[in-house]
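The block underneath contains the structure these notes are about, expressed in structure tokens.
The values are calculated or read from the model by the stated rules, or taken from the named source; none is laboratory data. The shown structure was predicted, so the numbers you read here are calculated from the model rather than taken from an experiment. When we count neighbours, we look across all protein chains shown, and the Cβ atoms used for this are built from the backbone with ideal geometry, even at glycine. Accessible surface is based on the protein model in full, side chains and every heavy atom, while ligands, DNA and RNA are left aside. Shrake-Rupley method; radii C 1.70, N 1.55, O 1.52, S 1.80 Å.
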Amino acid sequence: MKKTLCGLSSRAVAVLATIVSTTIPFGANAQEHRDSRDSVRVLEEVIVSDSRVSASAPMTTATLTRDDISDRKGEISVPYVLEMQPSVVVESEQGRTGNTSIRIRGVDATRINVNINGITLNDAESQAVYWVNIPNLGGMAQSLQLQRGVGTSVGGSAALGGTISFQTLTPASEPYATVDIGYGSFNTKQYGITVGSGRTKHGFAFDMAYNGFGSDGYVRNSGSDQQSLFLTGSWSNDKTLLKAIFILGHQRTEIAWNGSTATDLDADPRYNDAGMYADDLGNIYYYDNEADFYNQRHYQLYWVQTLVKGWSLNAAFDFTHGDGYDENYRYNSKPAKYGLISNGRVDCITQKNMFNSSYTLNMAAKYRNKWVDLSFGAAGNYYDGNHYGNVIWSKDSTLNKTLAHYGLPNGDGDKYEWYRNKGVKRDGSFFAKASFSLLDGHMNVYADLQLRFVDYTLRGRDDEFFRDFDSVEMDYHKFYPFFNPRVGINYAFNEMHRIYFVAGISNREPNRSDVKNHLMIGEEVKAEHLLDIEFGYGLKGKNYTAKANMYAMLYKDQLTPSGLFSTSGYGLLINVDKSYRIGIELEGGYKPCRWFDFGANLTLSQNKVIDYEYEDCDSLWNYRSHKGTTDLAMSPSIVGALMLNFNPWKTLKLQLVGKYVGDMYVDNTSRESMKQDGYFVSNAKISYTWTLKGKSTIEAQFLVNNLFNNHYRLSAWGSDSWDVPGAVDRYYYQQPGINFMGRIVVSL
């Protein structure tokens, strides 16, 4: 029997969930008073209020409800849930499975703050969120708010492109259970169960969500096996809320982040050389454990207390622990350092490990009346991350420099540790926010001030063991003080028209990879600084909406992709002195009749580096210098989406969506050889719902991804060639053609 989380089979988890949902005392929910439910809802919203803004605030936002998220629950990864939002570009190594990434206005995930109930989810050192570590995080969400630009101030990682704010499941008015099962192309399996007790007469409520996902993947040896478990229990009355949350994520994902050359993909679109090796006769094999393994656990506690005359207090604590490793077969490699290898080149198997712990404490006080909304508080985080690498097998080595082995290590588990380093990060912030309602509610004036202090230490030997240069002994310590103010004004002429203006400053420290890369080349890495100015207009009619937002994001020392990746799949970045992103976002929707509506959005932008300098060479190895205004890497100037919804009967829905992403470049040089061509991809979904006894339903869905079978490629990385003068090396992620998924969702 296949094992899943905590050693339980998927069937056992489902049975356990059913038992929990049927044994918790539900009886009093039908008699619960509306005012009691409303007070619980208000208390739950206090938890996320500091990480979000209201509809009247002068911000560029979109909020997805539980129904919106459930409608896209077939997307195992949150980036694909948000794919149709303005200025959003989502990419993956092989379609919609495996590792996925999201960019907002061209800004990568390390500059997007992702938080759960106001507690940052970004890894403190990499500042990224690895969606594969907690599959179907959207399935745990009551709502989700996307803020474009600097957004509101939140503890943890700075937002230089956007913020994604999750509110986890809140108690339903009645007990419920949902079972979700899906199967599709590439032997893709998706399964999940969500159950809740509703709120009992004594104020208790419990919710659980378990989700599993598995796929062989499109490209060779790119399968994944992922599970997540969400548990929450709460007690509340009219003035107090106590809540505990546990989130567990587990994943094994085979490695596909290397990318492949166009020549290899032309010969075989599924080509992937990760784990490939040859025996003495030249026969090709693939190592069957070439994969990334990671476990992540979140323990969270929340307290909300309402006081007299509009005052409330809230606090939250989070402990997050993660551990995992990449395991790689290195064929004919040359780790010729420290006298480890006798003949210079060897086959070996390595593990690159990480073991980290993070502690977060958030506290805030709030005051609210009809005209004023005030909030002030503090957030603190302590992170301890250990990184180390072991050679666990080699054909010809002196492991530990004392024992000679041929083949696998002996039963004592002998290993050779080639690097170890440790990062310690302390992150503290203080904030004060105020929103004033003026002119009988027509005008909203908003101010948000944040002081943030970051102290980062990184010490030990780095992991550049299989490269042509020596590893660096790191001894890095830096303290960063940041001031991040935001001010704005929103004016509603009437219920149909509104305009807003907002300006904000955001600052961000470099991450671990940035520090390592610059230490290796002997240069100082700088913090990034952003001034974001936005002006918007909104129109809302009876059956139509329209919005326009103009933005100017002006950067100092922005870290941008160099086109290269580290040995662990991180994009390597460099500071550029001056750069900007200027654009306009247009979006709208129209419902001409009961059974049909459509929506669309379009972003037109210029994303430039001013006076960018770089060198290349001609076919005779003559180096040439260049300087000028170039395009920012991975930043398309056109991004658009179209959504068509048909609902001829209450039980039948048909949805057609299309996404266009324009040309972009893999580095900052704007050379044609570094261009990624634009692409258009469309998907279709049809669903039919049967209503059973009471409110129970069964929904059948059929999804078609890449409806027009577009075999496009995304850039993995690119660089000037070390072997052929004047040439560049380009590696790509091949995307699959048309593929399918069927789902059955049972709601009780």
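Of all residues in the range 159-202, exactly one satisfies the criterion of being in contact with a Gly (Cβ under 6 Å, 6 or more places away or on another chain) and of a type in the set (V, I, T), namely T163. Evaluation of L573 against the conditions (1) touching an Asp or Glu at 6+ places or on another chain (Cβ under 7 Å); (2) surrounded by fewer than 18 Cβ atoms within 10 Å (Cβ to Cβ) shows that the sole unmet condition is (2). Under the condition of being over 17 Å from the mean Cα position of the chain (by Cα) and in a helix (DSSP H, G or I), the residues counted in the range 45-83 number 10. Regarding the range 193-207, can at least one residue be identified that is touching a residue at least 24 places away in the same chain (Cβ under 8 Å), in a loop (DSSP other than H, G, I, E, B) and under 29 Å from Q701 (Cβ atoms)? There is at least one residue in the range 193-207 that is touching a residue at least 24 places away in the same chain (Cβ under 8 Å), in a loop (DSSP other than H, G, I, E, B) and under 29 Å from Q701 (Cβ atoms). Residues of the range 477-485 include at least one that is buried (at least 18 other Cβ atoms within 10 Å of the Cβ), closer than 23 Å to E125 by Cα and under 30 Å from the mean Cα position of the chain (by Cα).
Being hydrophobic (A, V, I, L, M, F, W, C), part of a loop (DSSP other than H, G, I, E, B) and open to solvent by less than 10 Å² (accessible area, probe 1.4 Å) holds for only one residue in L146, L160, and it is L160.
Read through the list (1) touching a residue at least 60 places away in the same chain (Cβ under 8 Å); (2) assigned to a strand (DSSP E or B); (3) within 17 Å of T100 (Cβ to Cβ), then give the number of the only condition that A177 fails. Here A177 meets the rest and fails (3).
For the structure I just gave you, tell me whether Q147 is under 23 Å from S101 (Cβ atoms) and within 23 Å of the chain's Cα centre (by Cα). It would help to see each step written out before you state the result.
Numbers: under 23 Å from S101 (Cβ atoms): yes; within 23 Å of the chain's Cα centre (by Cα): yes.
Criteria met by Q147.
Of the residues making up the range 545-570, those that are modelled with pLDDT of 95 or more and aromatic (F, W, Y) are Y551, Y555. Scanning the range 593-634 for residues that are touching a residue at least 24 places away in the same chain (Cβ under 8 Å), open to solvent by 10 Å² or more (accessible area, probe 1.4 Å), small (G, A, S) and under 19 Å from K556 (Cα atoms) turns up just one, S605.
Return yes or no: is A684 closer than 30 Å to D616 by Cβ and not hydroxyl-bearing (S, T, Y)?
Numbers: closer than 30 Å to D616 by Cβ: no; not hydroxyl-bearing (S, T, Y): yes.
No, not satisfied.
Cβ-Cβ distances below 8 Å connect the following pairs, each with a first residue in the range 362-390 that is in contact (Cβ under 8 Å) with a residue 24 or more places away in the chain and open to solvent by less than 40 Å² (accessible area, probe 1.4 Å), a second residue that is in a loop (DSSP other than H, G, I, E, B) and of a type in the set (V, I, T), and a separation of six or more residues or different chains: A379/V154.
Residue-level analysis places I104 outside the set of residues that are within 14 Å of the chain's Cα centre (by Cα) and under 26 Å from S185 (Cα atoms). Looking across the range 240-275 at every residue that is surrounded by fewer than 16 Cβ atoms within 10 Å (Cβ to Cβ) and among the hydroxyl-bearing types (S, T, Y), the one that is nearest to T306 (Cα to Cα) is identified as T240. If you go through the range 101-122 and pick out every residue that is touching a helix residue (DSSP H, G or I) at 6+ places or on another chain (Cβ under 9 Å) and either in a loop (DSSP other than H, G, I, E, B) or open to solvent by less than 10 Å² (accessible area, probe 1.4 Å) (or both), you end up with 9.
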